[in-house]
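Contents: one structure, followed by commentary.
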Ligand SMILES: Cc1cc2nc3c(=O)[nH]c(=O)nc-3n(C[C@H](O)[C@H](O)[C@H](O)COP(=O)(O)OP(=O)(O)OC[C@H]3O[C@@H](n4cnc5c(N)ncnc54)[C@H](O)[C@@H]3O)c2cc1C
Ligand SMILES: NC(=O)c1ccc[n+]([C@@H]2O[C@H](COP(=O)([O-])OP(=O)(O)OC[C@H]3O[C@@H](n4cnc5c(N)ncnc54)[C@H](OP(=O)(O)O)[C@@H]3O)[C@@H](O)[C@H]2O)c1
Ligand SMILES: Cc1cc2nc3c(=O)[nH]c(=O)nc-3n(C[C@H](O)[C@H](O)[C@H](O)COP(=O)(O)O)c2cc1C
């Protein structure tokens, strides 16, 4: 993801090169950084795009404009790649005027359903101001909960950024009339290659030392056969010595369904050339290509492993696609979707809504019904995409992360995963299967897969007398299983698990393991079956059990200094569990509401309360 500058339009001689730095966990911030660069280039600025961990912090004092695009990770933390930079900025010996010559702008990405919405972006802004830097436009925060997703805040923010930049560095007269074409020049050239070159091209994951080759040795459904949800236990074995810690995360690169890829290639008229070897020559290196892209490939491989045809398309997709439609009416429709007005809310009277707010057309067409790129293309039949433009048009197919569900102490050479296979119906009753979870579920025993292992957010207490309390409903039990296996292996017995599932006998993951551990005195196992009660009764969740156990929890957390782990996929679950902890601190610690909240926040600050949650 490193990048460098490479001017491609007529550029200004006297204006500075803009530096765009992104910090991402799952790639959105990188996409937005690319979009900022696109806008800047259209105004004839030179720019460089950097992943934050590839940018040498020492260079920042010589920058004049830096644009940060920063996403938010678990419990309001910065993405892991940003931590060294953030620590560098927090150094107490930095003078208050350290950045007095620096102009900056920040776009944050987050999800307002989390308590600490866009905290890294907010904190970064505050720190830069304190060190004397000047904001050139107000910070904006893209919210995935917004009707138009993060685009809702991005579009107005990028306009204000461009206005500010053009005020600071007006266009020189000789460039005023030179309009940069909206259709970007492709960042690659595709040349023909031979089959031998494909065979000779090593798997790019080979060169990344986070990845190891694993063999699948178990792929077992652990929910009842008659239960609607397919949750799998996977075991992967590795020849190499691998050591990982509880809470660490496995990174899996999925392959799209071969049927979808076939349909896609046919739709775009590429069937005949789908397996022709092509060499990818990266021309404009200031625009990134997907990570781990091989230099020689085929269209079929590219759309199976590297470019995403199942994503819900963003507005920028339509903005580009309109150039490739040959039918006038289709082009008009695409124009509508790609213009801010097309995406902006329309005021259409609604009988059901007292606000009279209708939905934006683009939102209605894509996000609300989760229409995929593949489906959009099958409706705009006149579209003919020049092959060179694939890296502008299609988003990278992102690897997916899974909390490792085993401890390497207990299972040397193995990595276990607990995976809920995504399979649901959209509002249009179309079936949707998750790209990565379906891929994993389809793997036969013996399949070979390169899996990466990265650091997670959890840590274990060193002192063996410290109790732990794991709260992990659903697949949130994965990191809890890793913690508990490691603890039991080390002979630490003071362990508690709050597990939540839906129905007894149907989806109580690893129940036999928990009861065995409990019988051996290694675990207190508490289980909430949310839907076991009679129809009409409130659902029982992990936080309800925690509240039933008020005295025990207070004794563990307050008196014995227990470490608490919250993990799982439900957005509202972590907040529910925290609220229960606040209630307990209020009742048992006789604290006021604010004091009780501060008490729980302190647990987190002191790294005794951990959260590893995903949506
Ligand atoms: C740190 C971390 C740890 C994780 N650990 C685990 C784990 O241990 N086990 C696990 O199973 N997952 C885990 N995940 C989630 C995992 O990375 C994937 O996001 C998830 O498995 C889905 O991947 P997919 O490619 O199959 O689905 P995708 O093709 O990416 O589709 C998922 C999308 O479909 C939509 N969707 C899913 N279900 C529904 C529904 N019912 N209704 C409407 N829309 C829906 C959502 O928008 C969701 O974003 C973890 C994520 C992170 C970040
Ligand atoms: N974007 C989405 O639509 C979305 C979000 C999250 C999960 N999912 C789906 O869920 C699957 C993974 O989920 P999972 O198996 O890990 O289980 P889960 O959906 O997280 O559910 C596990 C348990 O948590 C309960 N729960 C729901 N809301 C809760 C809350 N506020 N507080 C505490 N507990 C709560 C559930 O109860 P009830 O269900 O009975 O209320 C269930 O008993 C994925 O395949 C995905 O398809 C979808
Ligand atoms: C595990 C996880 C934790 C998150 N925690 C927060 C959070 O605490 N606050 C917030 O505002 N957004 C949070 N988000 C939302 C992300 O910031 C948001 O999805 C963003 O678009 C991700 O961008 P990225 O792909 O560049 O990492 C979280 C997302 C995930 C998957």
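Given (1) over 22 Å from residue 245 (Cα atoms); (2) more than 16 Å from ligand 3 (Cβ to nearest atom); (3) part of a loop (DSSP other than H, G, I, E, B), where does residue 398 come up short, assuming only one miss?
The number of the failed condition is (2).
Just one of 477, 488 is more than 29 Å from residue 79 (Cβ to Cβ), assigned to a helix (DSSP H, G or I), more than 8 Å from ligand 1 (Cβ to nearest atom) and modelled with pLDDT of 95 or more; which is it? So that I can check it myself, show each step before the final result.
Details: 477 fails: more than 29 Å from residue 79 (Cβ to Cβ).
Exactly one of 477, 488 is more than 29 Å from residue 79 (Cβ to Cβ), assigned to a helix (DSSP H, G or I), more than 8 Å from ligand 1 (Cβ to nearest atom) and modelled with pLDDT of 95 or more, namely 488.
Go through (1) modelled with pLDDT of 90 or more; (2) closer than 20 Å to residue 33 by Cα; (3) not assigned by TED's automatic domain parsing to the domain that holds residue 75 one by one and return the number of the condition residue 141 breaks.
(3) is the only condition that residue 141 fails.
Which is buried (at least 19 other Cβ atoms within 10 Å of the Cβ) and more than 27 Å from the chain's Cα centre (by Cα), of 309, 278?
Details: 309 fails: more than 27 Å from the chain's Cα centre (by Cα).
Result of the check over 309, 278: 278.
Within the range 421-446, track down each residue that is within 16 Å of ligand 3 (Cβ to nearest atom) and either surrounded by 18 or more Cβ atoms within 10 Å (Cβ to Cβ) or assigned to a helix (DSSP H, G or I) (or both). Please lay out each step first, then the result.
Applying the first criterion (within 16 Å of ligand 3 (Cβ to nearest atom)) to the range 421-446 yields 422, 434-437.
Residues satisfying the conditions are 434, 435, 436, 437.
Among the residues of the range 596-611, what is the count of those that are closer than 30 Å to residue 422 by Cβ and either away from ligand 1 (no atom under 16 Å from the Cβ) or at pLDDT below 90 (or both)? Outline the logic, then answer.
First pass over the range 596-611, keeping only residues closer than 30 Å to residue 422 by Cβ: 604, 609-611.
In the following step, the residues that additionally are either away from ligand 1 (no atom under 16 Å from the Cβ) or at pLDDT below 90 (or both) were identified as 604, 609.
Number satisfying all stated conditions: 2.
Here are some conditions: (1) in a loop (DSSP other than H, G, I, E, B); (2) modelled with pLDDT of 95 or more; (3) touching a helix residue (DSSP H, G or I) at 6+ places or on another chain (Cβ under 7 Å). Residue 466 meets all but one. Which one does it not meet?
If we test residue 466 against (1) in a loop (DSSP other than H, G, I, E, B); (2) modelled with pLDDT of 95 or more; (3) touching a helix residue (DSSP H, G or I) at 6+ places or on another chain (Cβ under 7 Å), just (3) comes out false.
Residues that are surrounded by 15 or more Cβ atoms within 10 Å (Cβ to Cβ), at pLDDT 95 or above and within 16 Å of ligand 3 (Cβ to nearest atom): list the strands (runs of 3 or more DSSP E) wholly contained in the range 179-254 that include at least 3 such residues.
Values: elements: 188-192, 211-221, 231-238, 249-252.
Correct list: 249-252.
Taking the range 19-30, which residues are assigned to a strand (DSSP E or B) and within 25 Å of residue 612 (Cβ to Cβ)? If you could, list the steps in order and put the result at the bottom.
Step one: list which residues in the range 19-30 are assigned to a strand (DSSP E or B), which gives 19-23.
22, 23 - these are the residues of the range 19-30 that are assigned to a strand (DSSP E or B) and within 25 Å of residue 612 (Cβ to Cβ).
The values are calculated or read from the model by the stated rules, or taken from the named source; none is laboratory data. Nothing here was measured: the structure is a model prediction, and the numbers come from that model. As a convention, Cβ positions derive from the backbone with ideal geometry for all residues, glycine included, and neighbour counts pool all protein chains shown.
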